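K.L.:
Dropping the structure in here first, questions after.
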Amino acid sequence: MRAKAQKPISSPAEAERLDRLRLIRSRRVGPATWRRLMAEHGTAGALAALPGVAAAAGIEGYEVCPLPVALKEMAAARAAGAAMLWLDEPGYPPLLGQIADAPPLLWLQGDPGLLARPMVALVGARNASSLGLRMARKLAAALGEAGYVVVSGLARGIDAEAHAAALGQGTVAVQAGGVDVIYPAENAGLAAEIAARGCRISEQPMGLVPQARHFPLRNRIVSGLARAVVVVEAAARSGSLITAREALDQGREVLAVPGHPFDPRAAGGNQLIREGATLVRHAADVIEAIGTAHPAARSPDPQPDPPRRPLYEISAVHSRILDRLGPVPVPEDQLIRDLSLPAGRVAQELVALELEGRIQRDPGGLVSRPE
């Protein structure tokens with residue numbers, strides 16, 4: 001049987017895109033190297049210079065990504081109906097483009113216009129509780145109604161609930177593998193709906209089945225797209241916390257929904273709140289944290305990250321609260337006046353102390369310290 005002939009390159013623009021694809025798919029070329037090579041040499045020059053750069057780094061016999069490999073990926077993208085979007089092209093998500101390791105290439109399926117709208121990321125546990133799933137649905141629906149696109153990672157649990165609840169208003173799914181590879185398979189129906197009514201994106205080659213190392217790479221894109229990351233449920237060591245840490249590094253707002261201290265699925269979110277993340281009760285808390293202006297009127301430029309409260313400052317506030325409490329309940333309003341701190345700040349720390357079992361909150365707005 002004769003090998004199937006490759007589709008000929010039809011234009012200089014297509015040749016440029018193929019060369020760019022070959023560059024980013026070449027061994028040891030990540031986002032930073034790609035950007036440096038492109039800045040120094042341009043596309044054709046970067047491909048020619050790459051073997052010399054590799055040799056200078058002690059890598060002998062280096063070869064760039066072969067043209068047939070790039071042509072095969074382009075053909076797979078056409079078959080899947082995926083569009084190519086480069087970092088320096090119009091339509092590339094503005095906030096994502098500003099992170100240090102922004103992916104040079106995104107493959108996308110669905111509505112590219114969603115990538116220009118302000119986004120909020122909702123992430124959390126795969127084995128979420130029924131309350132966690134309900135919270136994710138309520139937050140996603142309310143944020144969508146407020147004009148925000150909900151972005152998540154297409155995982156089971158919190159991710160899937162958030163995507164499903166936001167389908168009518170706009171949702172973006174960031175995939176760890178190729179945009180044409182649905183993982184987990186149980187989300188195939190949801191993925192098809194997102195491609196039809198939302199947008200799915202990936203930086204990975206077409207057809208790539210995700211491995212463990214690909215999920216942290218996906219997480220940085222989830223947080224990089226968004227103005228804020230909301231953790232609904234997360235274990236003490238989880239991918240959701242990786243996303244939260246990435247968000248902090250990128251200057252994004254980090255928020256978390258508190259959970260019961262005995263539930264390990266709430267440990268990560270509770271810890272984030274203890275470290276200074278904004279406590280979330282409903283979507284209004286999220287919107288207040290990132291600004292009350294209508295999202296359509298907000299600038300795409302990132303806002304300066306508010307200073308994070310260090311742990312010693314949080315501990316000092318906790319000590320002040322505990323010093324003023326005893327076994328006899330006192331009104332929360334009186335406690336706020338005694339502390340001379342903003343009411344929202346005191347309320348946040350009271351929740352953290354309650355989750356730790358160090359205070360007790362009683363009906364009527366009363367607070368006490370168990371003996």
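K.L.:
Stretch Glu14-Ala192 to full length: gain in nm at 0.36 nm per residue minus the Cα-Cα span?
P.N.:
Here the answer is 61.3 nm.
K.L.:
Another question about this same structure. Which loop-located chymotrypsin sites (Phe, Trp or Tyr not before Pro) does segment 33-127 contain, where loop means any DSSP state but H, G, I, E or B and the Cβ has at most 13 other Cβ atoms within 10 Å?
P.N.:
Sites meeting the loop and neighbour criteria: none at all.
K.L.:
Taking the Cβ of Ala48 as the centre, find all other residues whose Cβ is under 13 Å away and add up their charges (Lys, Arg: +1; Asp, Glu: -1).
P.N.:
That works out to -2.
K.L.:
Can you tell me, using C-alpha contacts under 8 Å and at least 6 residues apart, the relative contact order of the chain as a whole percent?
P.N.:
12 percent.
K.L.:
Could you work out the Kirkwood radius for segment 93-134, taking every pair of different alpha carbons, averaging 1/r and inverting it, reported in Å?
P.N.:
The answer is 13.2 Å.
K.L.:
Just the Cα atoms of segment 203-281: what Rg and Dmax do they give in Å?
P.N.:
13.3, 42
K.L.:
Then there is this: Where in segment 253-278 does the amide nitrogen come within less than 11 Å of the point 7 Å from the Cα of Asn127, taken along Cα to Cβ?
P.N.:
264-265
K.L.:
Per residue, what volume in Å³ does the Cα convex hull of segment 103-238 take up?
P.N.:
So the per-residue Cα hull volume is 96 Å³.
K.L.:
Counting helices only, and only those DSSP H runs with n ≥ 4, report the 222 nm mean residue ellipticity of the chain as the sum of -39,500 (n - 2.57) divided by its residues, in deg cm²/dmol to the nearest 500.
P.N.:
Value at 222 nm, helices only: -13500 deg cm²/dmol.
K.L.:
Next up: Based on the alpha-carbon gyration tensor of the chain, what equivalent-ellipsoid semi-axes (square roots of 5 times the eigenvalues) come out, in whole Å, largest first?
P.N.:
Sorted largest first and rounded, they come to 45, 21, 18 Å.
Read the figures in this text as sums done on the coordinates, not as results from a lab. This is a predicted model, so every value here is computed, not measured. Note: ideal-geometry Cβ built from the backbone for every residue, glycine included; neighbour counts use all protein chains shown.
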